[in-house]
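To start, the structure under review is shown below, and the notes come after it.
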Amino acid sequence: MHGAAIRGCIAACRRALRSVVLAELLASSRSRSGPRVCPAPVDAAMVAENLRGTIVSEQTRTASCRCGQLRATCAGEPVRVSVCHCLACQKRSGSPFSAQARWPDARVSVEGNSKTWTRIADSGHRVIYRFCPECGSTVSYTIDGWPGVTAVPLGAFADPVFPAPRFSVYEHRKHAWVAITGDGIEHSSTPSAERRPGRR
Ligand SMILES: [Zn+2]
Ligand SMILES: [Zn+2]
């Protein structure tokens with residue numbers, strides 16, 4: 001057989017085989033009694049631990065100030081990752097927008113010397129920033145209007161593979177050359193429904 005004809009035959013066979021495999025996968029995924037497409041090995045001990053409400057393996061991340069003496073250790077995945085384009089966040093971060101991740105308070109432990117500074121947010125709520133008195137970096141902050149969660153500036157983790165933001169708020173203050181891209185991002189012009197009208 002001619003070389004080109006053989007290559008054509010092999011390609012046709014591969015296509016046919018692929019469609020058969022796909023059909024089998026579809027059939028088995030539709031069938032409740034059939035085999036699963038991706039049977040995963042189950043660790044019985046891990047399942048038992050999770051059923052008791054204990055998370056066996058979880059990632060712990062540590063944020064730190066620039067000089068390193070003030071650290072915030074955060075257990076588990078953040079409950080919210082967002083960017084904010086408001087003028088106060090631009091001032092805090094020294095950047096056109098801030099990026100931050102939030103965890104339940106109990107999942108964040110802060111160690112080292114720190115000072116706090118409080119401002120009243122546009123929402124009318126107090127925001128308390130905790131920062132290093134040596135180098136000035138903020139490593140955490142809390143907002144009265146968001147009780148129970150602590151925010152940590154995303155850059156303090158110095159982790160380029162940190163989970164991407166899902167929320168982009170205060171976009172009416174967004175610099176024209178900034179674009180927050182990605183799937184499923186919620187874009188809004190206000191930080192929360194509690195924002196008072198007529199304020200920045
Ligand atoms: Zn420091
Ligand atoms: Zn902001």
- surrounded by 19 or more Cβ atoms within 10 Å (Cβ to Cβ), within 14 Å of ligand 2 (Cβ to nearest atom) and within 19 Å of the chain's Cα centre (by Cα) - does that describe any residue in the range 112-131? no
- Item | Selected residue (criterion: nearest to Thr181 (Cα to Cα)) from residues of the range 132-164 that are β-branched (Val, Ile, Thr) and surrounded by 14 or more Cβ atoms within 10 Å (Cβ to Cβ) | Val152
- Message: Of the conditions (1) away from ligand 1 (no atom under 16 Å from the Cβ); (2) modelled with pLDDT of 95 or more; (3) at negative phi; (4) not hydroxyl-bearing (Ser, Thr, Tyr), Trp146 satisfies every one except a single condition; which number is it?
- Response: (2)
- Message: If I go through the range 102-119 residue by residue, how many of them are without any contact (Cβ under 8 Å) to a residue 40 or more places away in the chain and more than 24 Å from Gln59 (Cβ to Cβ)?
- Response: 5
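Yes/no matrix, rows are residues, columns are (1) β-branched (Val, Ile, Thr); (2) more than 13 Å from Leu70 (Cα to Cα); (3) within 16 Å of ligand 1 (Cβ to nearest atom):
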site: Ala121; (1), (2), (3): no, yes, no
site: His125; (1), (2), (3): no, yes, no
site: Phe131; (1), (2), (3): no, no, yes
site: Val139; (1), (2), (3): yes, no, yes
site: Thr142; (1), (2), (3): yes, yes, no
site: Val152; (1), (2), (3): yes, no, yes
site: Ala156; (1), (2), (3): no, no, yes
site: Val161; (1), (2), (3): yes, yes, no
- Enumerate the pairs (first residue in the range 63-77 and exposed (fewer than 15 other Cβ atoms within 10 Å of the Cβ); second residue anywhere and of a type in the set (Asp, Glu)) with beta-carbon separation below 8 Å, excluding pairs fewer than 6 apart on the same chain, so at least 6 apart or on different chains. Cys67/Glu134; Gly76/Glu58; Glu77/Glu58
- Kindly provide the set of residues from the range 57-90 that are of a type in the set (S, T, N, Q) and either within 14 Å of the chain's Cα centre (by Cα) or within 16 Å of ligand 1 (Cβ to nearest atom) (or both), ordered by number. Gln59, Thr60, Thr62, Ser64, Gln69, Thr73, Ser82
- Note on the structure: Note on His175: of the conditions (1) modelled with pLDDT of 95 or more; (2) in contact with a strand residue (DSSP E or B) (Cβ under 9 Å, 6 or more places away or on another chain); (3) within 14 Å of ligand 2 (Cβ to nearest atom), unmet is (2)
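The values are calculated or read from the model by the stated rules, or taken from the named source; none is laboratory data. Please read these numbers as outputs of a predicted model, since none were measured by experiment. Here Cβ is always computed from backbone atoms with ideal geometry, including for glycine, and neighbour counts include all displayed protein chains.
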